Amino acid sequence: MDVAALRAITPGCKRRIHLNNAGAALMTQPTLDAMTAHLRAEAELGGYEAADAASDQIAEAYAGLAELLNGRPDEIAMFDNSTHAWQAAFYSLPLRAGDRILTGRAEYGSNVFAYLQVAERTGAEIVVVPNDEHGQLDTAALADLIDDRTRLIGLTHVPTSGGLVNPAAEVGRIARAAGVPYLLDATQSVGQFPVDVEAIGCDFLCGTGRKFLRGPRGTGFLWVRESALDKLDPHVAEIRSAVWDGAHGFTWVPGARRLETWENSYVNIAGLGAAVRQALDLDIEVIGRRALELGARMRALLDDLPGVATHDLGEVRCAIVTAKVDGVPAGEVVSRLAASGVNVTATEADDNQYDTLDRGVHPLVRFSPHYYNTTDELEHVAALVGAMIVKGM
């Protein structure tokens, strides 16, 4: 990987050290070019006409995501964010009193709120699977908890609050054996390292463009296994998702697009398609190795600092690194680093409710390097954090 060349086509690298790729990564010039070209076409041709002219480019965005996930284009639905993608699957699963939803302690906050809402509406039960000795979802406990009332296994692959990588493929094996639908939130994993829906064995998977895929904000996607479509009763029917029968009824359109809505930002889809193509051209295996190496390096640098402790769980850990600095609140660390030209962020208790109840460590400072970052940048940031401790003392 030619990191210098990749940085040269990333305008943001000239001004800041960006370690907030788990929030929104820096886009490259080709992605910007794809978006501005479509925006210009909308201004010059008209929005509908520009979309018609870009039909091949739009189709390529679907095809690229399918290739990245090892699925098919007709199994992809596009959304304006990953939460709406996740909700399109979850709220379309019929649930009733006594049904059980199994999830983990690392589940994303918006997903937890949805579980709570549906449980209150329907009388369904939420079961939180405990962690194992590594701090990841305990798959043996999961298997023991499945019964004939279990209607969904919902898992966050990589939480927003740390470097944990949950054992998604083993969960898939258990779900398939039990015949239970499996919804995987891969928002923090797609683009960071390989995510293969066939190897994982999930039925539904959501992701976003703005994080490790380095695409624009306002993009999300859902992959739906063809055999799982019959398990869904889409919660929205509209002219993109359904076809009128000419009288008093309708039929759903084929494939995952029955979960979409008609209006889309094709500027953003053009950008997402370009970002996905870049990831495919670079090779997601190569991206994954470098991202995980940089995450391990950042974690080691912070752990070597007296007064700094990292708090990442799991047997396998990724490029998201969370830490606490003695005597310096997380928000202040974020602000001080920002003043020095470094982008990081802090975790929030509401974003991972079950993890907060279990560990009580939030907020933490979150560092999330990606393949276009350098070890020199990581060492510089670690030195800045170390200087905060000295001043704090």
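The numbers here are math on the coordinates, done by the rules we state, and not lab data. Given the structure is predicted, the values throughout are model-derived calculations rather than measurements. Don't worry about glycine lacking a Cβ; one is built from the backbone with ideal geometry, like all the others, and counts go over all protein chains shown.
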Using a 10 Å cut-off on Cβ atoms, rank the peptides 20-26, 282-288 from the highest mean neighbour count down. 20-26, 282-288
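Quick check on segment 1-71: take the gyration tensor over C-alpha atoms, sort the square-rooted eigenvalues as a ≥ b ≥ c, and tell me if it's rounded (a/c under 1.5), prolate or oblate. Spell out each step's value before the answer.
Numbers: a/c = 2.54, a/b = 1.50, b/c = 1.70.
Oblate, since a/c reaches 1.5 and b/c is not below a/b.
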Can you compute the modelled spin-label distance between ALA178 and SER335, with each label point 7 Å from Cα toward Cβ, in nm? 4.6 nm
Treating only the Cβ atoms of Lys and Arg (+1) and Asp and Glu (-1) as charged, compute the dipole magnitude of segment 317-356 about its Cα centre; round to the nearest 20 debye. 240 debye
Listed residues LEU93, VAL118, PRO30: farthest to the positive end of the dipole of segment 29-281 (Cβ charges): VAL118
Quick shape check on segment 1-140: root eigenvalues a ≥ b ≥ c of the Cα gyration tensor, a/c under 1.5 is rounded, otherwise prolate if a/b tops b/c, else oblate, and it reads oblate
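Starting from segment 1-78, pick out the GluC sites (Glu not before Pro) whose DSSP state is loop and whose Cβ has at most 14 other Cβ atoms within 10 Å. It would help to have the intermediate numbers written out before the result.
Working: sites: GLU42, GLU44, GLU49, GLU60, GLU67, GLU75; in loops: none.
Sparse-neighbourhood loop GluC sites (Glu not before Pro): none present.
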5 angstrom amide H check on LEU93, placed H, neighbours 5+ away: ASP233
Going residue by residue through segment 363-372, the Karplus relation 6.51 cos²θ - 1.76 cosθ + 1.60 with θ = phi - 60° gives ³J(HN,Hα) values, rounded to whole Hz and with x marking Gly or Pro, of x, 10, 7, 10, 10, 9, x, 9, 4, 8
Convert each backbone phi in segment 140-155 into a coupling constant with the Karplus relation 6.51 cos²θ - 1.76 cosθ + 1.60 (shift: θ = phi - 60°), then list the ³J(HN,Hα) values in order as whole Hz, x for Gly and Pro. 5, 5, 4, 4, 5, 7, 6, 9, 6, 9, 6, 10, 7, 10, x, 9
Once amide H atoms are built 1.01 Å from N in the peptide plane, which residues 5 or more positions from GLN188, or in another chain, come under 5 Å H to H? VAL158
Under 5 Å, built H, 5+ apart or other chain: amide partners of ALA346: ARG366
Of the listed peptides 130-140, 4-14, what is their order by residue-averaged count of other C-beta atoms within 10 Å, with the highest listed first? 130-140, 4-14
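Rounded to the nearest 0.05, what FRET efficiency is calculated for HIS380 and VAL316 with R0 set to 22 Å and r the Cβ-Cβ distance?
Numbers: r = 27 Å, r/R0 = 1.23.
With R0 = 22 Å, the Cβ-Cβ based efficiency is 0.20.
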Whole-Å distance, taken between Cα centres, linking segment 6-74 and segment 202-224: 13 Å
The simple spin-label model distance between GLN117 and ASP80, using points 7 Å out along Cα→Cβ, in nm, is 1.5 nm
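Please say if segment 266-393 is rounded, prolate or oblate, where rounded means a/c under 1.5 for a ≥ b ≥ c the square roots of the C-alpha gyration tensor eigenvalues, and otherwise the choice is prolate for a/b larger than b/c and oblate otherwise?
Working: a/c = 1.79, a/b = 1.54, b/c = 1.16.
Judged from the Cα gyration tensor, segment 266-393 comes out prolate (a/c at least 1.5, a/b above b/c).
So what is the relative contact order of the chain, in percent, for Cα pairs below 8 Å that sit 6 or more residues apart? Mind dumping the intermediate values first?
Details: 805 pairs, mean separation 92.9, N = 393.
For the chain, the relative contact order is 24 percent.
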For the chain, percent of DSSP beta bridges that are antiparallel (nearest 5) comes out at 55 percent
R0 of 25 Å, Cβ-Cβ distance ASP350-ALA141: FRET efficiency to nearest 0.05: 0.50
Quick one: putting +1 on the C-beta of Lys and Arg, -1 on the C-beta of Asp and Glu, what dipole do you get for segment 29-281 around its Cα centre, in Debye to the nearest 20? 360 debye
In terms of the charge dipole of the chain, which places +1 on Lys and Arg and -1 on Asp and Glu at the beta carbon, the residue among VAL365, TYR354, VAL333 farthest towards the positive end is VAL333
Full extension from GLU285 to ALA242: what is 0.36 nm times the residue separation minus their Cα-Cα distance, to one decimal in nm? 11.7 nm
